[in-house]
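S.K.: My structure is below; once you've seen it, I'll send some questions.
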Amino acid sequence: MPQSHGTCPPSTAPALREGLSAAKREQILQGAMRVFTSEGFGGASMEQVAKHSGVSKGTLYNYFDSKQALFAVLIELECDKLRGLVFSLDGVRAAPEAVLMQVGLAFMQSTLRPHEMAMARTVLAESHKFPELGRAFESAGPELGALSLGRYLRGLADQGLLKIDDELLAAHQFIGLCDAGMSRRAHLQIEQPSEQQISATVAAAVRLFLKGYAG
């Protein structure tokens with residue numbers, strides 16, 4: 001029996017309060033990103049964020065009332081960007097091979113960007129001390145991305161193109177096949193894969209996935 005895993009919830013990022021500037025908020029977020037990726041969550045302070053953002057501490061607290069709230073917004077915004085680039089699959093009509101190839105390439109190219117790797121390292125390094133950060137990252141990014149991909153895969157199964165009982169498991173399996181250890185080696189400074197390596201790995205993942213779930 002197919003398992004249902006629901007739909008992606010709406011964004012939980014707080015709305016900008018009346019009288020505050022969207023440009024100033026973006027300025028703060030850019031400064032905060034520099035601080036968090038260089039100092040980590042535990043080592044960062046609101047004073048450092050204010051300094052790197054070019055605002056006073058009073059102004060900073062008008063926009064974000066705590067370091068946790070600021071970092072949570074950064075996580076959600078970064079995950080929103082990744083989902084928009086990778087997992088926008090509603091209404092897609094191309095052949096499954098082409099769609100999965102596009103998804104796999106976009107996912108790996110995004111994941112391996114220095115900026116995204118720095119954010120992931122920050123979350124991983126701090127999640128044992130601040131588990132709420134890890135939960136926020138998972139729920140705002142990988143979980144919602146897998147749900148989106150899972151809905152697409154469920155559609156293929158409903159058409160009889162694939163035989164899938166658990167679409168969320170299948171989505172995670174596909175993402176794992178596309179990675180095949182590339183991000184781990186990049187984080188460990190062993191190897192930064194070339195575009196050719198990424199493309200070949202994703203193409204192999206698509207072939208194996210479609211063969212394994214053939215209807």
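S.K.: Can you tell which of Gln68, Gln48, Leu168 lies farthest toward the positive end of the dipole of the chain, using +1 and -1 charges on the Cβ of basic and acidic side chains (Lys, Arg; Asp, Glu)?
M.R.: Gln48
S.K.: Give, in nm to one decimal, the length gained when the segment between Leu77 and Arg121 is fully stretched (0.36 nm per residue of separation minus the Cα-Cα distance).
M.R.: 14.2 nm
S.K.: If the only charges are +1 at each Lys and Arg Cβ and -1 at each Asp and Glu Cβ, what is the size of the charge dipole of the chain around the Cα centre, to the nearest 20 debye? All intermediate terms of the calculation are to be shown ahead of the outcome.
M.R.: On the way: 21 positive and 22 negative charges, 60 e Å.
Result for the chain is approximately 280 debye, rounded to the nearest 20.
S.K.: Reported to two decimal places, what Rg/Rh ratio describes the stretch 155-195 when computed on Cα atoms with Rh from the Kirkwood expression? Intermediate values should be presented prior to the final figure.
M.R.: Details: Rg = 14.8 Å, Rh = 12.1 Å.
Looking at the stretch 155-195, the ratio lands at 1.22.
S.K.: With r defined as the distance between the Cβ atoms of Glu138 and Asp158 and R0 fixed at 30 Å, what FRET efficiency is calculated, to the nearest 0.05?
M.R.: On the way: r = 27 Å, r/R0 = 0.91.
Efficiency computed from Cβ-Cβ geometry: 0.65.
S.K.: Hey, another quick one. Helix 96-111: angle to the longest alpha-carbon principal axis of the chain, degrees 0 to 90, nearest 10?
M.R.: 30
S.K.: Once you have the Cα-Cα distance between Ala186 and Arg34, take 0.36 nm times their residue separation minus that, and quote the gain in nm to one decimal.
M.R.: On the way: separation 152, 0.36 × 152 = 54.72 nm, distance 2.05 nm.
Answer, rounded to one decimal: 52.7 nm.
S.K.: What's the angle, to the nearest 10 degrees (0 to 90), between helix 131-140's Cα axis and the longest principal axis of the chain?
M.R.: With rounding to tens, the tilt is 50 degrees.
S.K.: Further question: Can you pull the percent of the chain's accessible area that's carbon plus sulfur, 1.4 Å probe, other chains left in place? Mind dumping the intermediate values first?
M.R.: Details: 6280 of 11420 Å².
The value for the chain is 55 percent carbon and sulfur by accessible area.
S.K.: Right, next: So what's the angle, to the nearest 10 degrees on a 0 to 90 scale, between helix 195-212 and the longest Cα principal axis of the chain?
M.R.: With rounding to tens, the tilt is 50 degrees.
The values are calculated or read from the model by the stated rules, or taken from the named source; none is laboratory data. Note that the structure is predicted; figures quoted are calculated from it, not measured. A quick note on method: Cβ atoms are made from the backbone with ideal geometry, for glycine too, and the neighbour counts reach across all protein chains shown. Just the protein is used for accessible areas: all its heavy atoms, side chains included, with ligands, DNA and RNA removed. Shrake-Rupley method; radii C 1.70, N 1.55, O 1.52, S 1.80 Å.
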